[in-house]
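See structure below.
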Amino acid sequence: MAFLDDLPDLGLPQPQRRERPQRDPDCVLWTRIRCPKCGSDECPVYDSSHVPIRYHKCKSCGKNFKSVEQNYTPPA
């Protein structure tokens, strides 16, 4: 028995499912990098010679941090 199986049917319409757009397989999912200390998005890459790891330095507070690129598989 599932968690919500015992709820009464209220006769409400079912929500419409939206079609997901097809993703180009040669695209990557991009997420804006934000500083973990101050939340600023002014964090340019200063070293990307160790791909998939990139090193950033926040222009607002000066914190150095790294980001790691990972493969993205779109949901089927």
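The values are calculated or read from the model by the stated rules, or taken from the named source; none is laboratory data. Since we're looking at a predicted model, the values are computed, not measured. In this analysis, Cβ positions are derived from the backbone assuming ideal geometry, glycine residues included, and neighbour counts consider all displayed protein chains.
Things worth noting here:
- Pairing residues of the stretch 19-48 that are polar (S, T, N, Q) with residues that are at pLDDT below 85 and surrounded by 11 or more Cβ atoms within 10 Å (Cβ to Cβ), at Cβ distances under 9 Å and at least 6 apart in sequence or on separate chains, gives Gln22/Pro74.
- Residue, modelled with the lowest pLDDT, within the stretch 47-60, restricted to residues that are among the polar types (S, T, N, Q) and surrounded by 12 or more Cβ atoms within 10 Å (Cβ to Cβ): Ser48
- For the stretch 61-72, the condition of being in contact with a Ser or Thr (Cβ under 8 Å, 6 or more places away or on another chain) and modelled with pLDDT of 95 or more holds for at least one residue.
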